[in-house]
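Taken together, the values in this text are just the output of simple stated rules run on the coordinates, not laboratory data. Because the structure is predicted, anything quoted here is derived from the model rather than measured. Cβ placement follows ideal geometry from the backbone for every residue including glycine, while neighbour counts extend to all protein chains displayed.
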């Protein structure tokens, strides 16, 4: 799930403290590192893009994507459901959705995710903020309800989602943090996860060096 790389349209909570240019640099670095991690996992990588008029920007930026598709839906739940519906209509036996800012996503972890998709009815990976960084299904076990009546952008997202997934006994991946706030950036700089993407770490260090007064507040 991607946004077109435009200043003022990505990582808005970070941008409010660090500025649009720094937030965009971090966003680009995160996405590029994630694609490197996913490159050898044996799965097609599809970019579902917002806004619709950003498809060509993403194609030019990320030519390694197998397909670029517009996001559709009024909220995150609808957009995620429509992405899974598209994948299963295309004949994919399984699919997982990921966000675009996971400094701790390594090639090993991406391969683990793909292995689980082939053997388990569902999977989920929690985030420290109470959300999740990935959710996935085999086509035969897909539960659209997992995206309905979820309190998005709250610490209750993971628990609410697990209540829906419980009958499938989903495989649970290790916890990974995303990069949404200055506090997330501070945590990344103080204790980078093992295997964290080079571009993301370099961009984080650059932001920290150029604006220490902001980072330390």
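Collect the residues in segment 159-207 that are closer than 29 Å to residue 20 by Cα, in a helix (DSSP H, G or I) and out of contact with any helix residue (DSSP H, G or I) (no Cβ under 9 Å at 6 or more places or on another chain), keeping them in residue-number order. Spell out how you get there, then give the answer.
So in segment 159-207, the residues closer than 29 Å to residue 20 by Cα come out as 175-207.
Imposing the further condition that a residue be in a helix (DSSP H, G or I) reduces the set to 182-190, 198-207.
Once the filter is applied, which keeps residues that are closer than 29 Å to residue 20 by Cα, in a helix (DSSP H, G or I) and out of contact with any helix residue (DSSP H, G or I) (no Cβ under 9 Å at 6 or more places or on another chain), segment 159-207 yields 183, 187, 190.
May I ask you to say which residue of 43, 95, 74 is assigned to a loop (DSSP other than H, G, I, E, B), within 23 Å of residue 175 (Cα to Cα) and either without any contact (Cβ under 8 Å) to a residue 12 or more places away in the chain or touching a strand residue (DSSP E or B) at 6+ places or on another chain (Cβ under 9 Å) (or both)? Before the answer, list the steps.
Numbers: 95 fails: assigned to a loop (DSSP other than H, G, I, E, B); 74 fails: within 23 Å of residue 175 (Cα to Cα).
After applying the criteria, what remains is 43.
Would you tally the residues in segment 6-17 being buried (at least 22 other Cβ atoms within 10 Å of the Cβ) and assigned to a helix (DSSP H, G or I)?
Result for segment 6-17: 1.
Restricting attention to segment 147-170, report how many residues are at positive phi and touching a strand residue (DSSP E or B) at 6+ places or on another chain (Cβ under 9 Å).
Qualifying residue count, segment 147-170: 1.
Residues 178, 129: which one is closer than 21 Å to residue 106 by Cα, touching a residue at least 60 places away in the same chain (Cβ under 8 Å) and surrounded by 15 or more Cβ atoms within 10 Å (Cβ to Cβ)?
178
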